[in-house]
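Working notes, beginning with the structure itself.
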Amino acid sequence: MKKKKENTSKYLSKFRTILLASLKIIIGILIFSSVYEISGKIREICYESNLFIVKDITVFGTKLTSKEEIIDISGIRINCDIFSINDDYVARSIIDYGFVKNCKIEIQLPSKIVISIEEESPEAIVIDDRGNSYFVNSTSDLIGEIRNGFTTPLPIIRGNHDIAKSVKLLNILKDYDSLYTELSEIISDDRGLSIILKNSNIRIVFGKDDFDQKSEVIQNYLEKITNLNFDNISEIDVRFDNRVIKRIKKG
């Protein structure tokens with residue numbers, strides 16, 4: 001009899017524990033539902049009152065891109081619900097555009113969005129066979145197509161595109177001021193790589209290798225040329241064993 005009472009007591013204790021746990025869950029659900037419903041109504045009231053509607057979008061850090069482009073890519077629009085904005089998703093969409101390396105989205109309640117971007121650092125412009133233009137960085141990666149009307153003083157890479165080798169030559173020329181500051185284009189063709197100088201329009205043929213050595217040879221040579229001789233030159237060829245071959249302009 002005593003054992004039977006003990007078992008009944010245990011069952012009642014378990015039942016009370018389960019009942020209390022169930023009641024807690026039910027109460028929690030009711031509270032959550034009420035809070036969710038209230039928050040939804042508050043949000044609806046705020047939306048209808050235009051309190052949390054996007055009224056201002058500010059963009060910082062644009063050079064290669066425009067503020068209008070960044071806003072368009074972000075998908076954020078004036079008068080949209082500010083709470084509907086997923087800042088991580090927006091930042092990733094902007095970075096995937098190609099010109100942007102880093103992006104931060106700041107939501108300033110009640111109605112302002114701040115987009116701060118860090119753009120890629122292009123080294124040159126690549127023009128393909130169809131006339132499309134792209135920025136390229138120091139590791140030879142294309143980082144975005146250039147929109148119409150955009151102007152820049154960056155060197156141009158064109159021809160039979162060995163982009164990696166062209167960028168390699170470009171990076172080497174940075175150590176030779178008289179060449180780099182006058183660099184207008186890098187051209188790739190059957191003879192290898194050539195560069196065009198800005199003011200004189202002289203073409204310098206480097207060939208397919210030994211760019212460091214040839215850059216030093218050509219810089220030393222150019223420093224010795226008088227203005228008169230310089231004006232008569234159309235092309236300088238340094239492909240052959242430290243020899244400098246110059247070709248005179250016709251006529």
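List of remarks:
- Extension gain, R147 back to Q219 (0.36 nm per residue minus Cα-Cα distance, nm): 22.4 nm
- Distance between modelled label sites at E235 and F60, nm, 7 Å Cα→Cβ extension: 5.2 nm
- Estimated vicinal HN-Hα couplings, Hz - segment 137-142 in sequence order (Karplus 6.51, -1.76, 1.60; Gly, Pro = x): 9, 6, 9, 6, 8, 6
- Vicinal HN-Hα couplings computed from phi for segment 80-97 (Karplus, 6.51 cos²θ - 1.76 cosθ + 1.60; Hz; Gly/Pro x): 7, 5, 5, 7, 7, 7, 9, 5, 5, 5, 5, 4, 5, 4, 6, 5, 5, 4
- Cα-based shape type of segment 104-161, given that a ≥ b ≥ c are square roots of the gyration tensor eigenvalues and the cut on a/c is 1.5: prolate
- Karplus-derived HN-Hα couplings along segment 167-181 (A = 6.51, B = -1.76, C = 1.60, θ = phi - 60°), whole Hz, x at Gly and Pro: 5, 4, 4, 4, 5, 5, 5, 4, 7, 10, 4, 5, 8, 5, 5
- Percent of Cα pairs exceeding the 11 Å cut-off, where the set is segment 81-120: 62 percent
- R0 of 22 Å, Cβ-Cβ distance L109-D72: FRET efficiency to nearest 0.05: 0.40
- Distance between modelled label sites at K198 and D175, nm, 7 Å Cα→Cβ extension: 2.3 nm
Coordinate-derived values only; no laboratory data. Treat the numbers as computed from the prediction; the structure is a model and nothing was measured. Reconstructed Cβ throughout: ideal geometry from the backbone, glycine too, with neighbour counts over all protein chains shown.
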